Amino acid sequence: MNKNNSPMRLISYVLVAVLFTLSGPIKADEVKITADLAYLDVMHNGKVVRIERIKDTSNRLTNSFAKTSRPCPPFCVHPIKLAPGIETIGELELLEFLNTDVKQGTGVLIDARMPQWFEKSTIPGSINIPFTILSTGLDNKYTKKIIKLLGARERTNGEWDFNKVKALALFCNGLWCDQSSRAIKSLTKIGYPREKLFWYRGGMQAWQLLGLTTVTP
């Protein structure tokens, strides 16, 4: 008997065909963020942007974030804990931050990368404040202006009041990128409350790996 036409092999083919028919193609609404969350609408540059996952289950990264290996230093893997008092967050916590703090005006999502990266694509709801500006300290007039816009108040004696500052979530390119971590460390040096700082360690690479929506500013 020809093994390629054996009864068992034919039965296997039939079973595969039946299972494929029963399962059918993946429906768009089956590619959710979580079992209970299909999408989240946020404001970006005055427009509503829907954050959701790419529905094509065969989608693959083809841009620079598909690259797995970079020279270290400077592109070294960062620890999960950036510094004492700084909370590291993931994608779901970031979405919650957008849906609460950012929506209510009590928080800001900061893309801490250099402008040329920000202009390629970013996370909806974010603003670009390059880490280089935040790293200059309060002697820099631009840094001082930004800190004031975030809610800090300069007292007459030269000291700063950070009691009413906004919560900040910062990110950059990925687990190997130090732009957001440097920005956070610089903020703590000038007195920004650690409990108001959140670090999205995965950054753009992890965000895009999950097929989440990006925007071009």
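Computed from the coordinates by the stated procedures, all read-outs in this text should not be read as laboratory data. This is a predicted model, so every value here is computed, not measured. Note that we place each Cβ from the backbone using ideal geometry, even for glycine, and neighbour counts take in every protein chain shown.
As a length-normalised measure over Cα pairs under 8 Å and 6 or more apart, the relative contact order of region 27-209 settles at 24 percent. Between SER64 and LYS148, the distance separating the two model label sites (each 7 Å from Cα on the Cα→Cβ line) works out to 3.4 nm. Here the chain was treated as a single set of alpha-carbon atoms; its pair distances binned every 10 Å from 0 give 7, 28, 29, 15, 8, 6, 3, 2, 0, 0 percent. Placing dummy labels 7 Å off each Cα toward the beta-carbon, the span from ARG155 to ASP139 is 2.3 nm. Counting only DSSP H runs of at least 4 residues, each contributing -39500 (n - 2.57), and dividing by the residue count of the chain, the helix-based mean residue ellipticity at 222 nm comes to -7500 deg cm²/dmol. As a proxy for reagent exposure, ASP178, ASP56, ASP36, ASP111 were ordered by neighbouring Cβ count within 10 angstrom, fewest first; the result is ASP36, ASP56, ASP178, ASP111.
For trypsin sites (Lys or Arg not before Pro), the sites in region 126-209 that DSSP calls loop and that have at most 13 other Cβ atoms within 10 Å are ARG155, LYS164. Computed with the Debye formula from one identical point scatterer per Cα of region 106-156, without solvent, the log10 of I(q)/I(0) at q = 0.13, 0.31 Å⁻¹ comes to -0.35, -1.20. Restricting attention to the chain, close to 40% of DSSP beta bridges with both partner residues there are antiparallel. Converting the Cα gyration tensor eigenvalues of region 42-150 into ellipsoid dimensions via √(5λ) gives semi-axes, longest first, of 25, 22, 16 Å.
Listed by number, the DSSP H helices of the chain that run 18 Å or longer by alpha-carbon position along their axis and have mean Kyte hydropathy of at least -0.5 are 7-23. Along the chain, counting only GluC sites (Glu not before Pro) with a DSSP assignment other than H, G, I, E or B and at most 13 other Cβ atoms inside a 10 Å radius, the longest segment between sites is 1-118. Annotation: the residues TRP207, TRP199, sorted from fewest to most other C-beta atoms within 10 Å of their own C-beta, follow the order TRP207, TRP199. The tail of the calculated P(r) for region 112-212, taken as Cα-Cα distances beyond 23 Å, holds 26 percent of the pairs.
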